[in-house]
Amino acid sequence: MATIPAPAIELLEAALVAELTVVDPTGRPVTYPLIPLWDGERVYMTSSTLFSRKLEHIAHDPHVSVSVTDPVSVGGREDRVTIQGDARVIDDDPHGGWERLLPIWSAKEPAIVSFLKARVALPLFFERALIEITPRRVLYWPSGDASVAPQVVELAKQAA
C-alpha cells in the first residue's frame, strides 16, 4: 500500500489552516477554511454542529479534498498538497467526542486550551462534530508551482 509522502505530512502537521472542499447537493464544490489535524493515518477537522452546511454536504456526498496552499499558514514553505479522500461525520457525542483530538489540536494551536477554560462562556463553540477523512489520493507540488504536474500517490482502497 502506498503511503502519504513525508513532505505532505509535514505540511499537514504545520498548517494552521487548510481548505476543505465538499460537494453540495447540486454537484458544486464548496470550500471551507479549517484547521487540519493529522493523527498518522487520517485527517481530522472539527465543525460546529449548529447549522453546519459542510456536515450536511458530507452526509450527502462523502468525497472531499483537503488542500494546504497558504504559505503563511505553513511558516513560509512553498510546497503544496491536496489530499482527496472519503469523509465521515462523527457526531454521536458533540459535547465531548471531539476531545480525543485535543493533544494534536493543542500542539498545533495552543490557544484552544484558553478556549476550553472559557467553555461556559462559549457553549455553542464546543458543540462540535469530527470530520474524519481517509486519504485516497495525494497530489503534491514540491515547488508549489501549480503549472507543473503534481506528484500523484494513489492510496489503496479499503475493502468494503
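Give the accessible surface of the stretch 1-60 per residue, rounded to a whole number of Å², with probe radius 1.4 Å and ligands, DNA and RNA excluded.
Spelled out: the 1.4 Å probe surface of the stretch 1-60, per residue, equals 51 Å².
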Point to revise | Given [x] 21, 17, 16; [y] 34, 16, 12; [z] 26, 19, 14, the label whose value is semi-axes √(5λ) of the Cα gyration tensor in Å derived from this model | key: [z]
Practice item. May I ask you to rank 140, 32 by accessible area, largest first, using a 1.4 Å probe over the protein chains only? Key: 32, 140
Check your understanding: Put +1 on the Cβ of every Lys and Arg and -1 on every Asp and Glu Cβ in the chain; which of 48, 149, 17 then has its Cα farthest towards the positive end of the dipole?
Key -> 48
Practice item. Using only alpha carbon pairs under 8 Å that are at least six residues apart, calculate the relative contact order of the chain and give it in whole percent. Key: 28 percent
Review point. Taking amide hydrogens as modeled 1.01 Å from N in the peptide plane, which residues meet the under 5 Å criterion relative to residue 80, leaving out close sequence neighbours?
Key: 141, 144
Practice item. Mind listing the long-range amide H neighbours of residue 155? Cut-off is under 5 Å, sequence gap 5 or more, other chains count too, H placed in the peptide plane at 1.01 Å from N. Key: 137, 138
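The values are calculated or read from the model by the stated rules, or taken from the named source; none is laboratory data. Bear in mind the structure is a predicted one, so any value in this text is a computation, not a measurement. Virtual Cβ from ideal backbone geometry, glycine too; neighbours counted across all protein chains shown. These area figures cover heavy atoms from the full protein model, side chains too; ligands, DNA and RNA do not enter into them. Shrake-Rupley method; radii C 1.70, N 1.55, O 1.52, S 1.80 Å.
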